[in-house]
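The values are calculated or read from the model by the stated rules, or taken from the named source; none is laboratory data. Since the model is a prediction, treat every value here as computed from it, not as a measurement. Here the Cβ positions follow ideal geometry from the backbone for every residue, glycine too, while neighbour counts run over all protein chains shown. Areas reflect the complete protein model, heavy atoms only, side chains present, ligands, DNA and RNA absent. Shrake-Rupley method; radii C 1.70, N 1.55, O 1.52, S 1.80 Å.
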Amino acid sequence: MFRHNALRYAVLVVLLAAALFQAFTAEYFGLEILTEILILAILVLALDIVAGFGGMVSLCHGALMGVGAYAYALLSAKAGIAPPLAMAGAVALTGVTAWAIGAICSRSHGIYFIMATLAFGQMAYSYVFEALVFGGDDGLGGIARLDLGLFGIDLNDSRSFALFCLAALGAVYGAAVLILRSGLGRSLSGVMHNEQRMRALGLTVWRVKADVFGLSGMIAGLAGALAAQHIMYISPGLLSWTVSGEALVVVILGGLGTLVGPLVGAAAFVVLKHELSGLTSYWHLVVGVILIAVVMSRANGIFGWIEARWGDRIERRVADATRKPEPEEATSDA
Amino acid sequence: MAHDPGFWMLQALNALQLSMLLFLLSIGLTVIFGLMHFVNLAHGSLYALGAYFGASAAAVGGFWLGFFVAPVAVAGVGVLLYSGLIRRMRKSGPMAQVLVTFGLIFALLDLTRLFWGDLALAIQVPQILAGRTALLGIEYPTYRLFIIGLGLSIFAALAFVLSRTQIGAMIRAGVDNDAMAACLGINVERLFFIVFCVGCALAGLAGVVAAPLLSVTPDMGLQILIPTLIVIVIGGLGSLKGAVAGSLIFGFVQTFGAVLAPQLASVLIYALLAAVLVIKPVGLFPAKG
């Protein structure tokens, strides 16, 4: 089951503070990067739920995000449905799609699961790429952002939109913790550790997997709807398997199965990408080498490594003091 | 058009040519998986490397130099990869392997850009293979016939080695039960190494052979990777029969799908893969039951 410890709280507080600081001080370009991080963070949370807590390593989450983005674009721009409803529709539609994929793939394990999800992701990609309704390889433009004029918020302003995404990320994080702590989440971790035993206990294993995959898909769909509103233009490239691969890379670099780690990973990945692509056009090489090094070191990503090294010590110190963790102490270690 | 037997003949040959190219790639990947349980997503990058090595050598000494240099050079890269990375990743789970080789894709992609630049290269087809050949009432490019012939002869050679020679028997034993094979005195680790290098060489060969048909670009490895994975998953991991069946299925579904139902063609093959995975999760001809 997912638990918070002092280190996780501390990192969350630091991340939140950094995001808020960035949101209120940065210029346009900084805000765009912040929004990119926040949307990627939502996607990798969705992936961490299935991969880190259910052992379902999915290579179709990029495609699910794309499904959400296209559903939002079609519902709002083509069918003329009000943006809030379109967003809800996109999230629901992606959830249903993901549930079906999860149900079909639930029998496969290991590499076959990875391949099966890859197949479904690619199926969506090539369908969208060919279909004229979706604008084919030209993509779709003219996507409107949510209108929060009622509350006096104009989302077309990048600062408001970044804060809106931050709020969405906060809600998703809360939902993820709730899912993992619920009966469903506990069943899921049981299935990950010993599927046979859970089946013997009378659990319908495929339902658990499909349900969690569906919930994770809803989160990915939300990320997609936000991404469509952020760039206001979508293209089939969003569904490509390399997007799913990159999301998996972020989860691994951050720390699989920690929820907090992937958030750190998302921030590190986007910042690294922008910094490196400013310095050299060969940033893929650097990311590739870092990825190989992290996986070969057998550490569970950046955050996992920190947690394994200092998590216990911090926990003990907190227990000694019996009250009040010292965030400054923890963050200087982090 | 649709009632002309020549047209269908042409499409069948196209399908066969695509199948043979995919066979060259997938056989290495599938035997590496069957023997080592190792998922090498960077196999497509080795194919791209083969095309680049081939193009460079061909610029110096013509097509045939490239044709022979590419497999050897890519096998050399394979030796480096094996001793540097793969050997240490052997005991890791599939996810770690997928990730390391995903990182390798990134790294090799940029390394090829670094060495050869972003511009597409081309290889000239040699005089003897240029032009067209009359075959069963149609004219077909000689070079494509050459690819079909090459694929068929490699298949025959591999089938012979795997079923008739001692090393073939050792490989089959290793795929079937590597612990037992090791107990019987087979140096399974060395076998892995040999198979890995041969797989790399075949990927390099596929690269240089495909180069005159397509242009040589850094992302050609990424484009071929997904079809190759589909082939080995449909066919079943680890078996020669599976690789052949998967390649033929992919080649014919893709080619005839594009002719008969252009809108559905690209989705068709993924739907087929999903169907295979649902009905037979381990593929059509898995190496072990």
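Take the Cα radius of gyration of the range B:147-284 and divide it by 2.2 N^0.38 Å, with N its residue count; two decimals is plenty. Working shown, then result.
On the way: Rg = 17.1 Å, N = 138, 2.2 N^0.38 = 14.3 Å.
For the range B:147-284, the normalised Cα radius of gyration is 1.20.
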- line: B:Ala120 and B:Leu213 label points (each 7 Å along its Cα→Cβ direction) are spaced in nm at 1.5 nm
task: May I ask for the Kirkwood hydrodynamic radius of the range A:6-48, worked out over all distinct Cα pairs and given in angstroms to one decimal?
output: 11.2 Å
statement: Using a 1.4 Å probe on heavy atoms of the protein chains only, the accessible area for B:Tyr52 in Å², nearest 10, reads 0 Å²
Top of A:Val270, A:Val318, A:Val128 by mean-square fluctuation, Gaussian network on chain A, Cα under 10 Å: A:Val318
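Where a ≥ b ≥ c are the square roots of the eigenvalues of the C-alpha gyration tensor, would you call the range B:1-63 rounded, which needs a/c under 1.5, or, failing that, prolate if a/b is larger than b/c, or oblate?
Oblate, since a/c reaches 1.5 and b/c is not below a/b.
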- prompt: Where is the GNM fluctuation largest for chain A (alpha-carbon springs, 10 angstrom cutoff): A:Leu239, A:Leu253, A:Leu12?
  reply: A:Leu12
Mean Cβ neighbour count within 10 Å, used as a protection proxy, ranking B:75-84, B:211-220 highest first: B:211-220, B:75-84
message: Can you give me the long-range amide H partners of B:Arg132? Hydrogens built in the peptide plane at 1.01 Å from N, cutoff under 5 Å, separation of 5 or more residues or another chain.
response: B:Thr142
- request: Order the following by accessible area, largest value first: A:Trp241, B:Trp8, A:Trp310. Probe radius 1.4 Å; ligands, DNA and RNA are ignored.
  value: B:Trp8, A:Trp310, A:Trp241
- request: Distance between Cα centroids, the range B:91-111 to the range A:72-111: provide it in whole Å.
  value: 30 Å
field: Non-local Lys pairs in the protein assembly as shown, i.e. 8 or more apart or on different chains, that have alpha carbons under 28 Å apart
entry: 9
- line: In a Gaussian network model of chain B with springs linking alpha carbons closer than 10 Å, the residue among B:Ile224, B:Ile167, B:Ile32 that fluctuates most is B:Ile167
- prompt: Between A and B, buried accessible area summed over both sides at probe 1.4 Å, in Å² to the nearest 100?
  reply: 3600 Å²
message: Viscosity 0.692 mPa s, temperature 37 °C: give me the Stokes-Einstein translational D for the range A:1-120 in µm²/s, with Rh taken as the Kirkwood radius over C-alpha pairs.
response: 197 µm²/s
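Using the Kyte-Doolittle scale, which helices in chain B average at least -0.5 and also have C-alpha atoms spread 18 Å or more along the helix axis, with helices defined as whole DSSP H runs? Working shown, then result.
Values: long enough: B:5-36 (45 Å, 1.64); B:43-81 (28 Å, 1.50); B:94-116 (32 Å, 1.47); B:142-164 (32 Å, 1.61); B:188-210 (32 Å, 2.10); B:220-235 (23 Å, 2.35); B:240-260 (29 Å, 1.51); B:265-279 (21 Å, 2.79).
Long hydrophobic helices here: B:5-36, B:43-81, B:94-116, B:142-164, B:188-210, B:220-235, B:240-260, B:265-279.
Taking a 1.4 Å probe, which of A:Cys60, B:Cys183 shows the most accessible area, and what order do the others take after it?
Working: A:Cys60 0, B:Cys183 110 Å².
These residues rank, largest area first, as B:Cys183, A:Cys60.
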Selection from A:Thr35, A:Leu188, A:Thr94 lying farthest towards where the dipole of the protein assembly as shown points positive, charges on Cβ: A:Leu188
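Determine one quarter of the surface area of the Cα convex hull of the range B:82-186, which equals its mean projected area, and express it in nm² to one decimal. Don't skip to the answer; put the middle values down first.
Numbers: hull surface 47.3 nm².
If I average the Cα hull's projected area over directions, I get 11.8 nm².
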field: In order through the range A:193-208: 3J(HN,Hα) via Karplus (6.51 cos²θ - 1.76 cosθ + 1.60), integer Hz, x for Gly, Pro
entry: 7, 7, 5, 4, 5, 5, 5, 5, 6, x, 7, 7, 4, 5, 5, 4
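Could you sort B:Thr228, B:Thr165 by accessible area so the largest value comes first, with the probe set to 1.4 Å? Could the numbers behind the result be given before it?
Working: B:Thr228 5, B:Thr165 40 Å².
So the residues, ranked largest to smallest area, are B:Thr165, B:Thr228.
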message: As a test of the formula, what do you get for chain A when each DSSP H run with n ≥ 4 contributes -39,500 (n - 2.57) and the sum is divided by the residue count, at 222 nm and rounded to the nearest 500 deg cm²/dmol?
response: -24000 deg cm²/dmol
message: I want to verify the translational diffusion coefficient of the protein assembly as shown in µm²/s; compute it with Stokes-Einstein, Rh as the Kirkwood radius over Cα pairs, at 20 °C and 1.002 mPa s.
response: 83 µm²/s
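Please report the carbon-and-sulfur percent of the accessible area for the range A:6-239; probe 1.4 Å, protein heavy atoms only, DNA, RNA and ligands left out. Don't jump to the answer; show the numbers that get you there.
Working: 6280 of 9280 Å².
For the range A:6-239, the apolar C and S fraction of the accessible surface comes to 68 percent.
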query: Where only protein heavy atoms count, and the probe is 1.4 Å, what is the accessible area per residue for the protein assembly as shown in Å²?
result: 42 Å²
message: Within 10 Å of each Cβ in B:270-276, how many Cβ atoms from other chains are there, averaged over the peptide?
response: 5
message: Can you bin every Cα-Cα distance in the range A:6-239 into 5 Å intervals starting at zero and give me the percent of pairs per bin, rounded to whole numbers?
response: 1, 7, 14, 18, 18, 15, 13, 9, 4, 2, 0, 0
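Per DSSP H run of at least 4 residues, take -39500 (n - 2.57); add these up for chain B, divide by its residues and hand me the 222 nm value, nearest 500 deg cm²/dmol.
Values: 10 runs with 209 residues, N = 289.
Calculated from helices alone, the mean residue ellipticity at 222 nm is -25000 deg cm²/dmol.
Plugging the Kirkwood radius over Cα pairs into Stokes-Einstein for chain B, at a temperature of 20 °C and a viscosity of 1.002 mPa s, what D comes out in µm²/s?
Value of D from the Cα-based Kirkwood radius: 110 µm²/s.
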message: Based on alpha-carbon centroids, what's the gap between the range B:5-24 and the range A:114-177 in Å, whole number please?
response: 41 Å
